[in-house]
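Trainee: This is the structure I want to talk about, given as structure tokens.
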Amino acid sequence: MAEAIAFYTLAVLILGLGVAVITTPKTVHSVVFLVLNFLCVAVLYVVLRAEFLAVIQVLVYAGGIVVLYLFVVMLVNLKRAPEAHEDPRRLARLGLALSGAVLLELAGIVVYSYGRVTPASAPAAAGPLTGAGNTEELGWLLYTDYLIPFEVASVLLLVAMVGAIVLARRES
Amino acid sequence: MPEGFSALDFYYILPEIVVTGGALVVLLLSVVTPRRDDVLLGVSLATVAAALYWVAAFAGLDVTASKGLLAIDGFAAFFKVVALGSAAVTMLMSSPYLRVEGLRAGEYYFLILCATLGMMFMASGMDLITLFIGLETMAVSFYVLAGYLKPNPRSNEAAVKYFLLGAFSLGVLLYGMSILYGVTGTTSLEGTAAALAGQESGPLLVLAVVLVAAGMGFKIAAVPFHMWAPDVYEGAPTPVTAFLSVGSKAASFAMLVRIFLEGLPSLGAEWTALFWGLAVVTMTVGNIAALTQSNLKRMLAYSSIAHAGYLLMGVVAGTQRGVAAMLVYVGVYLFMQLGAFAVVAAMRRSDVVGDELKDLTGLSRRSPMMAFAMLFFMLSLGGIPPTAGFMGKVWLFGAAIDAGFVWLAVIAVANSAVSLYYYLRVVVFMWINDETAPASSPLVLGPAMTAALVVAVVGTVVFGLYPQFLFASAEAAATAIEGLGAGTSALR
């Protein structure tokens with residue numbers, strides 16, 4: 001029951017934030033909504049008892065990737081000057097809100113998963129693995145059953161990197 | 001060695017390992033010897049040849065490797081040969097094209113090889129995850145390749161359009177896959193088929209089928225998911241367009257057959273109706289839109305859309321003979337479509353873009369060999385005997401009738417008749433003698449371009465006269481897809 005309530009609340013939040021991302025007129029706002037969206041997804045992972053994925057979701061998506069988005073947004077906005085620079089403190093507040101949210105999220109995950117990273121909390125569908133926490137189980141699956149797709153994914157990342165360099169490089 | 005793996009698992013993916021290794025060597029060489037395009041071409045071609053050797057060595061096998069994620073069977077081998085073959089011909093026609101456009105060869109060949117790697121995993125994937133990663137590897141390579149002509153705004157537009165629409169369609173596809181996973185609890189296609197066997201289809205499963213079909217429909221450029229194709233085909237460098245319209249389309253069909261025929265046979269009633277409709281609108285819209293095109297690449301794009309419609313007939317038939325006919329047509333399409341694009345690529349000279357229909361004016365006089373090659377490709381695309389395209393169409397239409405889809409075959413025949421108009425228009429242009437045409441630099445075919453054209457012509461003609469080899473390998477490959485109704489024995 002509690003799980004259902006959590007899921008539907010989160011689902012509504014995720015969808016609502018998703019709509020907000022694409023309807024907000026200002027790019028920076030839409031990136032902020034995206035961060036909130038990612039954080040809600042992370043909470044969803046916690047509800048599913050995939051704590052490791054939740055932390056990764058926050059660190060990689062809400063943290064790394066969105067910061068990159070913000071970089072791009074701000075670099076692009078430089079050309080259309082004032083709008084983004086009217087009130088420097090607004091940016092500071094935004095930064096504070098962002099980092100606060102991330103901190104809260106991480107703290108929540110740590111508090112929630114404290115003492116739960118035991119075999120008892122392993123997801124039901126995890127099969128006969130003997131590994132302890134779900135970090136170990138995930139790693140185990142990635143490097144055994146899904147080793148080949150995992151390696152192909154590394155080629156995929158290399159392609160993306162080479163592609164980005166090819167397209168961004170200034171021809172001499 | 002990870003638990004449950006054996007040396008065999010790595011042995012079976014030797015072709016893929018060879019392609020990956022070759023791609024990395026090309027990338028390194030492009031740094032070490034930056035201006036030696038011929039060396040890069042040679043290494044890339046050698047990589048493809050080595051991979052082809054190993055694919056051929058595994059052709060008779062029917063096993064799964066890597067804990068059931070990959071199938072090493074005849075079906076996979078067939079599509080790997082198609083992927084590698086189209087990559088090789090693409091590289092051959094790229095080398096002069098890159099020189100004219102002044103493009104860097106190292107990253108270009110690297111991306112072509114990585115796209116090929118993705119296609120190979122799409123051909124042998126037996127798990128939604130493997131298939132998806134393969135598809136994504138191929139797609140990302142193509143996003144970059146489409147925008148490889150950086151100073152050309154049309155190429156930029158092609159890359160951005162393909163990227164945005166491609167990312168959107170991948171989202172749709174993933175959504176469908178995640179519903180499938182939610183319902184069945186497994187990403188393996190065999191597991192999915194087992195979990196769904198004998199089950200009633202519900203709205204959720206129908207939604208999953210529609211979403212996956214829409215995602216795949218984008219990749220094969222089926223109407224109504226085709227809007228990107230003409231713009232991307234026109235803007236991308238011509239050899240990339242050729243590779244996109246052959247390799248990418250073939251690999252996507254392989255993935256489509258795997259997912260629907262091997263993973264979702266129990267939902268056959270739903271997706272057969274869906275693909276029936278898709279096939280009809282795809283071939284009709286493609287052919288009608290092609291009638292009015294004045295740009296060769298756009299015309300070939302619409303013709304390629306129409307061909308996706310024909311190929312879908314094999315999936316609709318859903319019999320072993322239907323799949324075999326689809327494979328035959330893929331094999332035939334490989335030669336005629338690559339050949340047509342090779343001619344367009346050869347028309348590109350330092351002062352001429354050469355992708356307009358009127359650029360072909362008087363080609364029969366300026367370069368009779370090229371004009372005759374183009375004549376064969378156009379006749380084959382239109383399905384006129386004695387070319388390979390005729391044999392492919394006979395098989396496809398026959399398979400559809402055999403499976404009871406007579407109206408589909410009738411519509412396809414009517415469409416082929418319509419398509420003759422625009423294919424023959426190309427021929428008419430080549431044989432017009434227009435003395436007033438402005439003088440342009442002469443057509444010079446280098447050895448690489450000649451090799452590409454010769455391969456394409458030989459394939460188009462030989463498989464038209466002696467199609468038995470292609471028929472036999474397609475039939476053998478189709479037996480690898482399990483659980484198909486046999487259909488009556490194919491014509492011999």
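The values are calculated or read from the model by the stated rules, or taken from the named source; none is laboratory data. Here the structure is a predicted model, which means the values were calculated and not measured. Every residue, glycine as well, gets a Cβ built from its backbone with ideal geometry; the counts of neighbours run over all protein chains shown. Remember, those area values only see protein heavy atoms, side chains included, never the ligands or the DNA or RNA. Shrake-Rupley method; radii C 1.70, N 1.55, O 1.52, S 1.80 Å.
Trainee: Within the bounds of the stretch B:108-119, is there any residue that is open to solvent by 10 Å² or more (accessible area, probe 1.4 Å) and on the phi < 0 side of the Ramachandran plot? Break it down stepwise before answering.
Mentor: The first filter runs over the stretch B:108-119 and keeps only residues open to solvent by 10 Å² or more (accessible area, probe 1.4 Å), leaving none.
No, because not a single residue in the stretch B:108-119 is open to solvent by 10 Å² or more (accessible area, probe 1.4 Å) and on the phi < 0 side of the Ramachandran plot.
Trainee: Name the residue, out of B:PHE10, B:PHE5, that is touching a residue at least 24 places away in the same chain (Cβ under 8 Å) and within 11 Å of another protein chain (Cβ to nearest Cβ).
Mentor: B:PHE5
Trainee: Exactly one of these conditions fails for B:MET93: (1) under 28 Å from B:ILE481 (Cα atoms); (2) more than 8 Å from chain A (Cβ to nearest Cβ); (3) not charged (D, E, K, R). Give me its number.
Mentor: (1)
Trainee: Among the numbered conditions (1) open to solvent by less than 30 Å² (accessible area, probe 1.4 Å); (2) in contact with a helix residue (DSSP H, G or I) (Cβ under 7 Å, 6 or more places away or on another chain), tell me where B:PRO265 comes up short.
Mentor: That leaves (1) as the condition not met.
Trainee: If you scan the stretch B:233-265, which residues turn out to be assigned to a helix (DSSP H, G or I) and farther than 20 Å from B:PHE75 by Cβ?
Mentor: Restricting attention to the stretch B:233-265, the residues satisfying the condition of being assigned to a helix (DSSP H, G or I) are B:233-235, B:238-263, B:265.
Residues satisfying the conditions are B:TYR233, B:GLU234, B:GLY235, B:THR238, B:PRO239, B:VAL240, B:THR241, B:ALA242, B:PHE243, B:LEU244, B:SER245.
Residues are listed down the side, and each one gets a yes or a no for (1) open to solvent by 50 Å² or more (accessible area, probe 1.4 Å); (2) under 30 Å from B:PRO447 (Cα atoms):
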{"position": "B:LEU338", "(1), (2)": "no, yes"}
{"position": "B:ARG365", "(1), (2)": "yes, yes"}
{"position": "B:PHE377", "(1), (2)": "no, yes"}
{"position": "B:SER380", "(1), (2)": "no, yes"}
{"position": "B:GLY389", "(1), (2)": "no, yes"}
{"position": "B:LEU408", "(1), (2)": "no, no"}
{"position": "B:ALA414", "(1), (2)": "yes, no"}
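Trainee: Give all pairs with beta carbons closer than 6 Å in which a residue from the stretch A:15-44 that is farther than 19 Å from A:GLY100 by Cα meets a residue that is surrounded by 14 or more Cβ atoms within 10 Å (Cβ to Cβ); count only pairs at least 6 apart in sequence or on separate chains.
Mentor: Correct list of pairs: A:GLY18/A:ASN37; A:ALA20/A:PHE33; A:VAL21/A:SER30; A:VAL21/A:PHE33; A:VAL21/A:LEU34; A:THR24/A:SER30; A:THR27/A:VAL73; A:LEU44/A:LEU10.
Trainee: A further question on this structure: Sort out which residues of the stretch B:183-219 are assigned to a helix (DSSP H, G or I), open to solvent by 60 Å² or more (accessible area, probe 1.4 Å) and not aliphatic (A, V, I, L, M), and write them in order of number. It would help to see each step written out before you state the result.
Mentor: First, pick out the residues of the stretch B:183-219 that are assigned to a helix (DSSP H, G or I): B:183-184, B:189-196, B:203-219.
Cutting the leftovers down to open to solvent by 60 Å² or more (accessible area, probe 1.4 Å) gives us B:190, B:194, B:203-204, B:207, B:210.
Listed by number, the residues that qualify are B:GLU190, B:PRO203.
Trainee: Looking for something assigned to a helix (DSSP H, G or I), surrounded by fewer than 22 Cβ atoms within 10 Å (Cβ to Cβ) and of a type outside the set (Val, Ile, Thr) - is there at least one such residue anywhere in the stretch B:223-232?
Mentor: yes
Trainee: Going through B:ALA65, B:ALA71 one at a time, which residue ends up being within 11 Å of chain A (Cβ to nearest Cβ) and either in contact with an Asp or Glu (Cβ under 7 Å, 6 or more places away or on another chain) or touching a residue at least 40 places away in the same chain (Cβ under 8 Å) (or both)?
Mentor: That would be B:ALA65, the only listed residue that is within 11 Å of chain A (Cβ to nearest Cβ) and either in contact with an Asp or Glu (Cβ under 7 Å, 6 or more places away or on another chain) or touching a residue at least 40 places away in the same chain (Cβ under 8 Å) (or both).
Trainee: Among the residues of the stretch B:395-428, what is the count of those that are free of Cβ contacts under 8 Å to residues at least 12 places away in the same chain and part of a helix (DSSP H, G or I)?
Mentor: Initially, the stretch B:395-428 is screened for residues free of Cβ contacts under 8 Å to residues at least 12 places away in the same chain, giving B:401, B:404, B:406-407, B:410, B:414, B:417, B:428.
From what's left, part of a helix (DSSP H, G or I): B:401, B:406-407, B:410, B:414, B:417, B:428.
The total comes to 7.
Trainee: Collect the residues in the stretch B:119-131 that are part of a helix (DSSP H, G or I), under 15 Å from B:ALA76 (Cα atoms) and at the interface with another protein chain (Cβ under 8 Å from one of its Cβ atoms), keeping them in residue-number order.
Mentor: Within the stretch B:119-131, B:PHE121, B:THR130 qualify.
Trainee: Enumerate the pairs (first residue in the stretch A:143-161 and at positive phi and more than 7 Å from chain B (Cβ to nearest Cβ); second residue anywhere and open to solvent by 50 Å² or more (accessible area, probe 1.4 Å) and not in a helix (DSSP H, G or I)) with beta-carbon separation below 6 Å, excluding pairs fewer than 6 apart on the same chain, so at least 6 apart or on different chains.
Mentor: The qualifying pairs do not exist here.
Trainee: State all residues of the stretch B:416-429 that are among the β-branched types (Val, Ile, Thr) and open to solvent by 50 Å² or more (accessible area, probe 1.4 Å); if no residue qualifies, say none. Let's see the steps before the verdict.
Mentor: Within the stretch B:416-429, the first condition is being among the β-branched types (Val, Ile, Thr), and the residues that meet it are B:418, B:426-428.
Scanning the stretch B:416-429 gives B:VAL418, B:VAL428.
Trainee: Go through the stretch B:145-168 and count every residue that is in a helix (DSSP H, G or I) and open to solvent by less than 10 Å² (accessible area, probe 1.4 Å).
Mentor: Matching residues across the stretch B:145-168 total 6.
Trainee: In addition: Going through the stretch B:391-406 one residue at a time, which ones are open to solvent by less than 10 Å² (accessible area, probe 1.4 Å) and small (Gly, Ala, Ser)?
Mentor: B:GLY392, B:ALA399, B:ALA400
Trainee: Return yes or no: is B:ALA222 away from chain A (no Cβ under 14 Å), among the aliphatic types (A, V, I, L, M) and over 19 Å from B:TYR333 (Cβ atoms)?
Mentor: No: the conditions fail for B:ALA222.
Trainee: Determine whether B:LEU311 is open to solvent by less than 10 Å² (accessible area, probe 1.4 Å) and in contact with a strand residue (DSSP E or B) (Cβ under 9 Å, 6 or more places away or on another chain).
Mentor: no
Trainee: Here is a further query. Please give the helices (runs of 4 or more DSSP H) falling wholly within the stretch A:1-75 in which 2 or more residues are farther than 23 Å from A:LEU91 by Cβ, modelled with pLDDT of 90 or more and not assigned by TED's automatic domain parsing to the domain that holds A:LEU103.
Mentor: Numbers: elements: A:2-23, A:27-47, A:51-56.
Qualifying helices (runs of 4 or more DSSP H): none found.
Trainee: Can you confirm whether the stretch B:30-50 contains a residue that is of a type in the set (A, V, I, L, M), in contact (Cβ under 8 Å) with a residue 60 or more places away in the chain and within 12 Å of chain A (Cβ to nearest Cβ)?
Mentor: Checked against the condition, which is being of a type in the set (A, V, I, L, M), in contact (Cβ under 8 Å) with a residue 60 or more places away in the chain and within 12 Å of chain A (Cβ to nearest Cβ), the stretch B:30-50 yields at least one hit.
Trainee: In the stretch A:95-139, what residues are part of a helix (DSSP H, G or I), at pLDDT below 50 and of a type outside the set (A, V, I, L, M)?
Mentor: A:PRO119, A:SER121
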